[in-house]
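Everything on this sheet refers to the single structure shown next.
Values quoted throughout were computed directly from the atomic coordinates according to the rules given, and no laboratory measurement underlies them. None of the values given here were measured: they were computed from a predicted structure. Neighbour counts run over all protein chains shown; Cβ positions are idealised from the backbone, glycine included.
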Amino acid sequence: MCKVYVVGVGPGDPEMLTIKGARIISTAEVVVGWSSVVERFRDIVGREAKIRILTYRNQLQELDRALHEGSKIAVLDHGDPSVSDFQFLERIREVSTSHGCEVEVVPGVSSINYVLARANLDLSSAIFVTMHVRADESELFKELVHVLRCGRRLVVLPPPDERGVSRVASVLLEHVGDREVIIMERLSYPDEKVVRGKLSSFLNYVNTDLVAMVI
């Protein structure tokens, strides 16, 4: 029987990969993932292993091909698969189940763990909201406003486009005022960037795809 391991590889720094995750990657017959993720761990992929690179357009096709090429497949996922990539995880489960394959999620260090550490917060003092989901965006914005109006700290993964930060800043500025915000990009990478300011100072901000906001 084939088995698919969905391995959380951490927020960026390869040293944050778990020991179990490294063992699975090094012994997998097929390694699947986004190019930016796979490249970080290519040196521990087995010499005989096949590599399948995912894009937003070919996810299902490449997963399907991988399941025909081996009985032990490692799908590498940024951060922790169960934290902010649940829809991707569901697609993996659907394809794997259709092939009669078992799926095991191998947790990793989430970027949210890293954000909390850098902001000197813990999960009991903040609410986490991801906008990396297919949902009514207006409802997600309402949720952000509600959290802040309730007096809680907010950790948010903004919409995954270069204007995500500016759109969140614009909506929150209108509904809750000019709050202090921390913008964190590419956390744990060598070019990690942390910027602090008021919401009003980020209305024209252009962000990378690896970004979080703390308000």
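Structure values in brief
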read-out	value
Student exercise, segment 3-106 dipole from Lys, Arg, Asp, Glu Cβ charges, in Debye to nearest 20	240 debye
Top of PRO81, PRO190, PRO14 by mean-square fluctuation, Gaussian network on the chain, Cα under 10 Å	PRO190
Extended-chain gain in nm, criterion 0.36 nm per residue less alpha-carbon gap, GLU104 and THR55	15.4 nm
Derived scalar couplings ³J(HN,Hα) [segment 59-75; Karplus, 6.51 cos²θ - 1.76 cosθ + 1.60; whole Hz; x for Gly, Pro]	3, 5, 5, 5, 5, 4, 4, 4, 5, 8, 10, x, 9, 10, 10, 10, 9
Positive minus negative residues near GLU102 (Lys, Arg vs Asp, Glu; Cβ under 11 Å)	+2
Spread of Cα-to-Cα distances over 5 Å intervals beginning at zero, given as percent, for segment 111-214	2, 13, 26, 27, 22, 8, 1, 0
For segment 27-37, Karplus couplings with θ = phi - 60° (6.51, -1.76, 1.60), whole Hz, Gly/Pro x	10, 6, 7, 9, 10, 10, x, 5, 4, 5, 7
Helical contribution to [θ] at 222 nm, DSSP H n ≥ 4, -39,500 (n - 2.57), averaged over the chain, rounded to 500	-9500 deg cm²/dmol
Filtered chymotrypsin sites (Phe, Trp or Tyr not before Pro), segment 24-72: DSSP coil and at most 15 other beta carbons within 10 Å	TYR56
Globularity index of segment 54-145, i.e. its alpha-carbon radius of gyration over 2.2 N^0.38 Å	1.32
Set LYS142/LYS198; LYS3/LYS50; LYS20/LYS193 screened for pairs whose C-alpha atoms are more than 23 Å apart	LYS20/LYS193
Å³ per residue enclosed by the Cα convex hull of segment 135-192	99 Å³
Semi-axes of the equivalent ellipsoid for the chain, Cα gyration tensor, largest first, Å	35, 18, 14
Size of charge dipole - segment 1-40 - debye, nearest 20, with Cβ of Lys, Arg +1 and Asp, Glu -1, no other charges	180 debye
Residue-span extension gain [ASP13 to LEU89] - 0.36 nm each, minus C-alpha spacing	25.2 nm
Any cysteine of the chain lacking a neighbouring Cys Cβ under 4.7 Å - listed by number	CYS150
Antiparallel content of DSSP bridges confined to the chain, in %, to 5	35 percent
Cβ-Cβ FRET estimate between GLU137 and GLU162, R0 fixed at 22 Å, reported to 0.05	0.90
Rg to Rh, two decimals, where segment 3-106 supplies the alpha carbon set and Rh follows Kirkwood	0.91
